[in-house]
């Protein structure tokens, strides 16, 4: 395993911790700033929207920079944002810090995916991408639960101080372990060349699948602390330990999903997204039964994150000539889905539909993702068949006349 993948995973750990730990601390943050649940939820959905902007804007700006230099600059932005969150005197400053930290998120994973894929042989690219995203799963298995415990014990600000320190360590790791020319250096075609990837209908279908599929899972996860305490009956002190189980599901799903995607991208996505839709609906039905809720929580994480390597590799496979911005675009799609799912879930809660309503929203979004992937797979198969027929016809036309 290339050492550069470890560095990318380390950066992913810090960024994943910033994104997800707020879910376990949301009640404490809301109480401190005197805001309601839906307003506090914007610290998650606002972050996700900022990731969208950063994934496209900063990735585009970085197309002429060496990829390692771009990654280091993004980690500096990450450190500044989390430091601001740690010292925030009010909700507005807290949101500003979240947005600054979020701007680096999409570009880091977008550029990092290209670097990770370039460090290994083609038949191992999904596993390399999964390795980078292992940082996210480790953040959920270890960082989020213990970050939540830290925040509950010493105040939520202590968690963001810890994340700031982790950001410094991750930046050093990228500087030391990622090769200078990793991922082919800078983008050969610049911004104009990178934009050509978006001429592909398959790229757009892949982005739509990412928005709906990952958004369905994350929309449910946004309000999971309220679901577990308000419906399942768990005490607030139990939430960090339950998040450890959720994180274990993410870790297992990411590992399995990377290996399955190297065999069949579309087949893997259809199976995993279908299973995720079933799990989300089942979770909504059994949320009031503590044991069943825990099982559903683990499965939601496993099936939800198992889709990530395949979703990212699908975009890269149809934008191989201009991968950087397309990869960043897919990270933007992940977080656009996060924001959409969190917003819709907040609307259903505000409408009085209860804390299981985000699970139903997630199930419906995931069903939409299944439909999109099915359409994309059929379209791709027809395109390949048409190419074969054109090739055969061209060969026949060039045969010498007897």
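The numbers here are math on the coordinates, done by the rules we state, and not lab data. Bear in mind that the values here come from a model prediction, so they are computed numbers and not experimental data. Here Cβ is always computed from backbone atoms with ideal geometry, including for glycine, and neighbour counts include all displayed protein chains.
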**Prompt:** What is the log10 of I(q)/I(0) for segment 282-378, computed with the Debye formula using one identical point scatterer on each Cα and no solvent, at q = 0.10 Å⁻¹?
**Reply:** -0.35
**Item:** Theoretical ellipticity at 222 nm over the chain - DSSP helices of four or more residues, -39500 (n - 2.57) apiece, nearest 500
**Value:** -28500 deg cm²/dmol
**Prompt:** Distance in nm between label sites at residue 142 and residue 176, each 7 Å beyond Cα in the beta-carbon direction?
**Reply:** 1.5
**Asked** So what's the angle, to the nearest 10 degrees on a 0 to 90 scale, between helix 156-177 and the longest Cα principal axis of the chain?
**Response** 30
**Asked** Against the longest alpha carbon principal axis of the chain, how many degrees, from 0 to 90 and to the nearest 10, is the axis of helix 239-261 turned?
**Response** 10
**Request:** Set the Förster radius R0 to 25 Å, insert the Cβ-Cβ distance between residue 153 and residue 245 as r into 1/(1 + (r/R0)^6), and round the FRET efficiency to 0.05.
**Result:** 0.80
**Request:** In nm, give the distance between the simple-model label positions of residue 76 and residue 90, each being 7 Å from the Cα along the Cα-to-Cβ direction.
**Result:** 3.1
**Degrees, to the nearest 10: 91-118 long Cα axis against longest axis of the chain** = 30
**Request:** Please report, in Å, the Rg and the Dmax of segment 205-329, where both are computed over Cα atoms only.
**Result:** 15.6, 52
**Prompt:** Roughly speaking, what % of Cα-Cα pairs in the chain are separated by over 42 Å, rounded to a whole number?
**Reply:** 11
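Hey, fewest Cβ within 10 Å first, where do 94, 171 land in order?
171, 94
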**Prompt:** Modelled label-to-label distance, residue 64 and residue 350, 7 Å Cα→beta-carbon offset: nm?
**Reply:** 4.3
**Item:** For the chain: relative contact order, % (alpha-carbon pairs under 8 angstrom, 6 or more apart)
**Value:** 26
**Prompt:** Just the C-alpha atoms of segment 12-142: what Rg/Rh do they give, with Rh taken as the Kirkwood radius?
**Reply:** 1.02
